[in-house]
Every structure is written in structure tokens, then in C-alpha cells.
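As C-alpha cells, the structure follows; a few thoughts come after it.
The values are calculated or read from the model by the stated rules, or taken from the named source; none is laboratory data. Fair warning: this is a prediction, and the values are worked out from it, not measured in the lab. As a convention, Cβ positions derive from the backbone with ideal geometry for all residues, glycine included, and neighbour counts pool all protein chains shown.
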Amino acid sequence: MATLCDRCAKNEASIHFTQIQNNEATTRHLCEGCAAALGLDPGTGSPAPLADFLAQMGKPMAAEQGGGPGTCPTCGLTLADFKRTGRLGCARCWSVFEPSLKGLLRKLHGGTQHVGKVYLPPDPTEMDRTARVVSLRRSLQRAVDEEDFERAAGLRDQIRRLEVQP
Amino acid sequence: MARNLLPGDPEAGLEWLDAAGPHSDIVLSTRIRLARNLQGFKFGPRADAGDRAEVLRLARGAAEQTGELQGAEALVIPKLEPAARQLLLERHLVSRELVGADGTTPNSDAALLLGPGRPVSVMVNEEDHLRLQSLVGGFRLRDAWRAIERLDDEMGTRLPYAFHTEFGYLTSCPTNVGTGLRASVLMHLPGLVLTQEIGKVLQGISQVGLTFRGLYGEGSEVVGNFFQISNQTTLGKTEEDLIDHLQRIVQQVVQYETQARQVLLRDARTVIEDKVWRAYGLLRHARSTGFEEVMNLLSGVRLGVGLELIRGVRVYTLNRIMIFAQAAHLELVDGDGQDADVTRAAYVRQALAEEPVESA
């Protein structure tokens, strides 16, 4: 029996797209039209996950209706704008739309927590400095493990400078 | 007379052509970019002219105080003539979006900060306020990372980056948030294409969180067997983890490509020799050639040089032809108003004539 397209549930699914992320495989059965709309052109093999997930974002948002955020007070972006363009309008948008963004980030990146470099602003607070030192120590450990002593020395100097400052 | 389309060094941004890095016959170049935005200004697509003017002013001021970009030219895109914009695009220094390729008008104060003789540059007022980028020759992820990390540290102490304790560096598009890092390696994989193994390799790449594109980035076609391989995710891993992962996978692909080439030599030596020498012959003698044809023939010659079937032609020369046989670069060479395909063929003939070859 023919499988119907997961997305439109009208046409016969002719494209079966399996994605493996974090050791978990998910398969979507799509008709050609829906696959193209989601950027899953079988010819390129390069999926466009953002389009896919933006298309799916309607459902979780409907469940949050009532308390859901509407418009960013700083730049005026609405959730509908974001769903249409896939782009946020300013730093504030990240807080305003945080609940929807977290779900999206989990799907795109497998998580929401940044573990990389920590930004040290021009006039850092004590907390900024501590967070930066933690990330520098991680890099330092790595440099030592890799026996990259020149880099290790540079990182150690940076850590020392941050710890000495009041 | 050749004319200079850009202020400053006419060879700016071309240091990577020297082919000095390891595996330079298979890996042409390594690029890393960091997406950064400034607090207090609307992001790219929603920014107004006032936001953009101020972002450019701040970025120039900060760049001027860095070791990497001191004395950099600020190339303001709308003020450049179309051929100069195209030239930057052909050198892979700007995105199509920044220069308004495909007929759109570039944003006011969209700019490229380009340092003299340095591997780093900054796109300003693209989708994100800043796109810090480093571009080096060969397979040198570490070097590209060190250069861009240094610039980022220096710029960051002078600019109010938009940073969030959970999400990291905030970007316009959620696919870039966190580290804001996209590392990509431009590979030449004719062995895998000819042995028809490329599909499997690319599929494998997609399954380990990496992605591939053609020569000109997102949405571009694969020409001349060139593939750009890069990380797909930017959040939840450290910059160094992202880079190491790409490093390991690219190393594997280099190995597969080398094996495929050995298989070709073992099983079809005559066919391969014929193919690479025909490619060389056409480039050396043709009187009119389109760019795509040149790219495909260069791929053949590059394979011949990598397999040491053709000796005497430097990878550097092949890299240089790849860039200078493009439309805007041909204007630098001067065609006396001739047809572009004729100018291109003459340029390629001349470039190859300077290096006498011998066959293995």
C-alpha cells in the first residue's frame, strides 16, 4: 500500500528522508512537492533543517496560546514575521521568543546551552570575569592535552590577568 | 592597461592562493567565520540606515585598534562599482547577500574591512552586524582559528557584543547562534567523483552533523569537482570541538580521495592519463573558453598534477587561474574589449605557457 505524505497527507510519499542526530534516527515520508518546499531536494542531499522546523513550529505555539509572546518591544518583530523569514530582529527577540526558540534550538543543534567561548564585555562584572575564566580554563586544559604549550602559556596569562583584576 | 578595481593592494585577500598548506592539491583553502552582533542595534534584516551607519562606525573604530586589521581598507559596498563588488565575490571575501548579487541593491553601509596582507577580514552589515572571517591556503583549520580568535578577542574588548549566558553569541538566524562559528574546507574530489563514490561520502558527511555546498557557498552548484564541507551546528559544542570534528572528517575524506585516485591509476591509468592531458591541451591551446569549462578542465589538470602525471605546473598557478579566469578578474587582465571567452582563453594560455611541463 502506498504511504501518504507526512506533511500534506494528500499525495503519495516518494521521498523518504532519514536524519540521524544524537544517535536517534527519524524518518519522514514526503511527496515531491512537500520535500521541495522543505528544502529537501533529493538531488542535492543537503537538507534545509530551518525551513523544516519553522514549518513545524505552528503546532507547539498553538498549545502555548494565551500566555504566548506577541511582539518584540524593541524591534517590533512578531512571531509570524519570524516564522516567515527565519530571522530575528534584535538581541531582545531572543528573550521575547525564548520559549519557542528553545524548542527550535533543540531540533537544530540538539541542545540550547552554549558551552563555547564566553564573551568578556568592555567593562566586565565579577560574574562576566568568572564565566570567562571558566571557559579559558577549558581551553587551557585542551592546549595542555595537545601539548600546545605556546597557546597554553598565552591562555594562562589571560586567566592570571582576569583573576588579579579587582 | 589593466585597471585596479579596489583601493589599496590589488592582490588583497589572495594570500591563500600560495598553496603552502598541507594536502594543497586536495584541500584548496580553509575558512572560519564568526557571526557577531552588537547590543542596542537592530539586526541585519531589520536594521535601518541609522543602525547600519553607527555599526560601521563602531566596527571601523574597533578594527583600527587591532593588530590584525590596523590600517585596513573599509570597502563600502554601495560606493564600489559593480565590477569591484563582483571581484570581491569572486575572491570569496563577501557573500552574495552583502554585495547585492542577483540584482538586489546592497544595503547602505554594507562594507568589507580588509586588512593589508592579512588572512582576516570582516563583513559589516550583512545578515549579522559583523562576520569575522579568516581564509588560509590548504588544510589549516588551527591556523584559521587562531587568527580569527585573536581578532574576535581584540574586537570584543572594544565592542558591545550581544551575548546571552544560555544561548551564547546572539545571531539573526537561529542556525548560527552559540559560537556563531562556521568552519569550512574547500576540497577538490575528482577521484571520488570518477569512481562514483562521492554520493556515499557526502551522505556520510551529512550523517555526522556536517554539510556540503558548491564553490560559491549556500545554494551554489558543484563545479569542477569542488566541494565545501562545513559544520552544520553551532551551539552546544566548544569552538575547538567543532573544529576538531571537522578536522577528523576532512582528514578521512582526504584519505578516501587519495585511495580513489590510486584505484583510478591502477585500473584505468591510460584513461586517466588521456583525460588529464586532454584537459591540459585544451587549456594550453583553446582560443575561446567559458568559465565553467575552464573550471572543469582545471579539475583534470589539478588531478594530473596531484598524481604527478603532469610535472612542472604549480598548484599555485592552478589556484590563480581559478580566480583570475572569472569575469570581473578578467577585467583586471584587460581584454581590449574582446569577447570575454576569448580573453579568458588567452589569459589561461599565457599563465600555463610560463611553466613548461613534462609528462611522467
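Taken together, B:Ser24, B:Ser29 contain a single residue that is within 30 Å of B:His188 (Cα to Cα), outside any helix (DSSP H, G or I), in contact with a Leu (Cβ under 8 Å, 6 or more places away or on another chain) and among the hydroxyl-bearing types (Ser, Thr, Tyr), which is B:Ser29.
In the stretch A:116-161, the residue that is nearest to the other protein chains (Cβ to nearest Cβ) out of those that are more than 18 Å from B:Arg146 (Cα to Cα) and more than 30 Å from the chain's Cα centre (by Cα) is A:Arg161. Do the conditions hold for A:Asp123, that is, is it acidic (Asp, Glu), outside any helix (DSSP H, G or I) and under 20 Å from B:His164 (Cβ atoms)? Spelling it out, A:Asp123 is indeed acidic (Asp, Glu), outside any helix (DSSP H, G or I) and under 20 Å from B:His164 (Cβ atoms).
Scanning the stretch B:303-317 for residues that are assigned to a strand (DSSP E or B) and surrounded by fewer than 21 Cβ atoms within 10 Å (Cβ to Cβ) yields a total of 1. For the stretch A:110-158, a residue qualifies if it is surrounded by 18 or more Cβ atoms within 10 Å (Cβ to Cβ) and touching a strand residue (DSSP E or B) at 6+ places or on another chain (Cβ under 7 Å), and the qualifying residues are A:His114, A:Gly116, A:Tyr119. Filtering the stretch B:53-88 to residues that are in contact with a helix residue (DSSP H, G or I) (Cβ under 9 Å, 6 or more places away or on another chain), over 20 Å from B:His129 (Cβ atoms) and surrounded by fewer than 20 Cβ atoms within 10 Å (Cβ to Cβ) leaves B:Gly67, B:Gln70, B:Gly71, B:Pro82, B:Ala83, B:Ala84. Scanning the stretch A:66-111 for residues that are under 19 Å from the mean Cα position of the chain (by Cα) and of a type in the set (Gly, Ala, Ser) yields a total of 9.
Condition check for B:Gly44 on (1) more than 13 Å from chain A (Cβ to nearest Cβ); (2) at pLDDT below 95: one failure, at (1). Here B:Pro22 passes the criteria (1) more than 30 Å from B:Leu303 (Cβ to Cβ); (2) surrounded by fewer than 20 Cβ atoms within 10 Å (Cβ to Cβ) except the one numbered (1). Residue selection: A:Arg92 satisfies the criterion of being more than 8 Å from chain B (Cβ to nearest Cβ) and either under 23 Å from B:Leu130 (Cβ atoms) or touching a helix residue (DSSP H, G or I) at 6+ places or on another chain (Cβ under 6 Å) (or both). Residues that are in contact (Cβ under 8 Å) with a residue 24 or more places away in the chain, more than 8 Å from every other protein chain (Cβ to nearest Cβ), within 18 Å of B:Asp128 (Cα to Cα) and among the basic types (Lys, Arg) do occur in the stretch B:178-190.
Scanning the stretch B:13-41 for residues that are aliphatic (A, V, I, L, M), at pLDDT 80 or above and under 30 Å from B:Val250 (Cα atoms) yields B:Leu14, B:Leu17, B:Ile26, B:Val27, B:Leu28, B:Ile32, B:Leu34, B:Ala35.
Here's the yes/no breakdown for (1) at negative phi; (2) crowded, with 24+ Cβ neighbours inside 10 Å; (3) more than 7 Å from every other protein chain (Cβ to nearest Cβ):
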residue	(1), (2), (3)
B:His129	yes, yes, yes
B:Leu132	yes, yes, yes
B:Arg146	yes, no, yes
B:Arg150	yes, no, yes
B:Asp153	yes, no, yes
B:Gly156	yes, no, no
B:His164	yes, no, no
B:Leu170	yes, yes, no
B:Pro174	yes, yes, no
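Hey, could you check the stretch B:285-338 for residues that are of a type in the set (Val, Ile, Thr) and without any contact (Cβ under 8 Å) to a residue 60 or more places away in the chain and say which is nearest to B:Leu5 (Cα to Cα)? Ranking the candidates gives B:Ile321 first.
Listed here are the residues, each with its yes/no results for (1) modelled with pLDDT under 95; (2) within 14 Å of chain A (Cβ to nearest Cβ).
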position	(1), (2)
B:Gln196	yes, no
B:Leu235	no, yes
B:Ile249	no, no
B:Val263	no, no
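Residues in the stretch B:46-58 include none that are assigned to a loop (DSSP other than H, G, I, E, B) and among the basic types (Lys, Arg).
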